[in-house]
Amino acid sequence: MPSITVGVDAGGSKTAVVHAIDGEPSRIEICDGANASIGGIEVAAGIIAQAIERSLDGAIPHAIFVGAAGASRPQVRQTIESVLRSRYAGAKVQVRDDAYVALRAAVPDGDGVVVVAGTGSIAYAQHGERGFRCGGYGYLLGDDGSGFAIGSAAIAHLLRCYDGRVPRDELAAALEEYLHATDLESALQNVYRSDRPVNAVASAARLVMEVAQAGGRSATRIVQQAAQGLGDLVKSVIARAELTGAHVPIVLAGGLLRSSSLLTYLLETRLLNEYPNMTVRKDAVEPCMGALAQAQRLLES
């Protein structure tokens, strides 16, 4: 009988699932985001379970490893594990924080640091058997340097333009087109009445980065603040993990950090200046592939 393993990366904007039959990976299946902090724990667990079913198309897995946003909280982790074990009674199931999976996708073993910036943000460090986190509080209470933080700052800039507090500029014009807004009222309505307002705000981050790349001053300031926030997360987690001076990799992961941009340039520059012994790497492997590798280890344990 062939062995079937499943790896899942569940974040705020998407859930990516891949399974392997005797080690041969399938294509990656992309489904809705499953962030327990945004949609609730039961909803997130249901989305993850449905995404796995969609990927497997009737196959029965032997091991499932999930990296999920919010899974550092025991209630989130235990709920997702319970839902999956009830559906796949014979499978080994383990759920970890999505930051752990992002690190292990790029650094399969050993110590390392990862900073993840997508809809939300978090920094994570592994030192020996211990893991350390900084950030990841969710869009209401933190997520410095995240897509939501960048998008929120930019939309607030547009609203201040409408109020006459700051001059209208290229960022405001780009945001009006993005939001299909013509005035303050329509901008507010199109954000608050969106089916998924958190994602609508976070998705504006790429637009901000494009305007910043083209030299827009307001957008550049927002990106600079984001880089500062992400750098602070990394600095804190390195200190807490007692990795200062160590020769370990720092991985830049998540949708905002995957491609070179002003944000990655500013962040890389700061990190290399502060930690000359460390190497900075952009993730070349999808986090769900890291989860799949962990599922294989789970199967063999």
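Screening residue 105 with (1) modelled with pLDDT of 95 or more; (2) hydrophobic (A, V, I, L, M, F, W, C); (3) closer than 20 Å to residue 31 by Cα gives one miss only, at (1).
When the residues of the stretch 88-122 are filtered to those that are within 15 Å of residue 137 (Cβ to Cβ) and of a type outside the set (A, V, I, L, M, F, W, C), the one that is surrounded by the most Cβ atoms within 10 Å (Cβ to Cβ) is 98. Criterion first (more than 14 Å from residue 144 (Cα to Cα) and of a type outside the set (Asp, Glu)) does residue 227 satisfy it? Against the criterion (more than 14 Å from residue 144 (Cα to Cα) and of a type outside the set (Asp, Glu)), residue 227 does not qualify. Regarding the stretch 138-160, can at least one residue be identified that is under 14 Å from residue 222 (Cβ atoms) and among the basic types (Lys, Arg)? Scanning the stretch 138-160 turns up at least one residue that is under 14 Å from residue 222 (Cβ atoms) and among the basic types (Lys, Arg). Screening 188, 233 for residues that are within 22 Å of the chain's Cα centre (by Cα), farther than 17 Å from residue 261 by Cβ and assigned to a helix (DSSP H, G or I) leaves exactly one candidate, 233.
Scanning the stretch 32-70 for residues that are part of a loop (DSSP other than H, G, I, E, B) and either among the small types (Gly, Ala, Ser) or modelled with pLDDT under 90 (or both) yields a total of 9. So, of the residues in the stretch 1-15 that are more than 19 Å from residue 298 (Cα to Cα) and of a type outside the set (Val, Ile, Thr), which turns out to be modelled with the highest pLDDT? Only one residue tops the list, namely 14. Only one entry in 244, 269 is part of a loop (DSSP other than H, G, I, E, B) and either surrounded by fewer than 18 Cβ atoms within 10 Å (Cβ to Cβ) or in contact with a helix residue (DSSP H, G or I) (Cβ under 7 Å, 6 or more places away or on another chain) (or both), namely 244. Scanning the stretch 19-46 for residues that are among the β-branched types (Val, Ile, Thr), over 16 Å from the mean Cα position of the chain (by Cα) and crowded, with 17+ Cβ neighbours inside 10 Å turns up just one, 41. Each residue in the stretch 180-208 was checked for being surrounded by 15 or more Cβ atoms within 10 Å (Cβ to Cβ) and closer than 24 Å to residue 164 by Cα, and 10 pass.
The values are calculated or read from the model by the stated rules, or taken from the named source; none is laboratory data. None of the values given here were measured: they were computed from a predicted structure. Note that each Cβ is placed from the backbone with ideal geometry, even for glycine, and that neighbours are counted across all protein chains shown.
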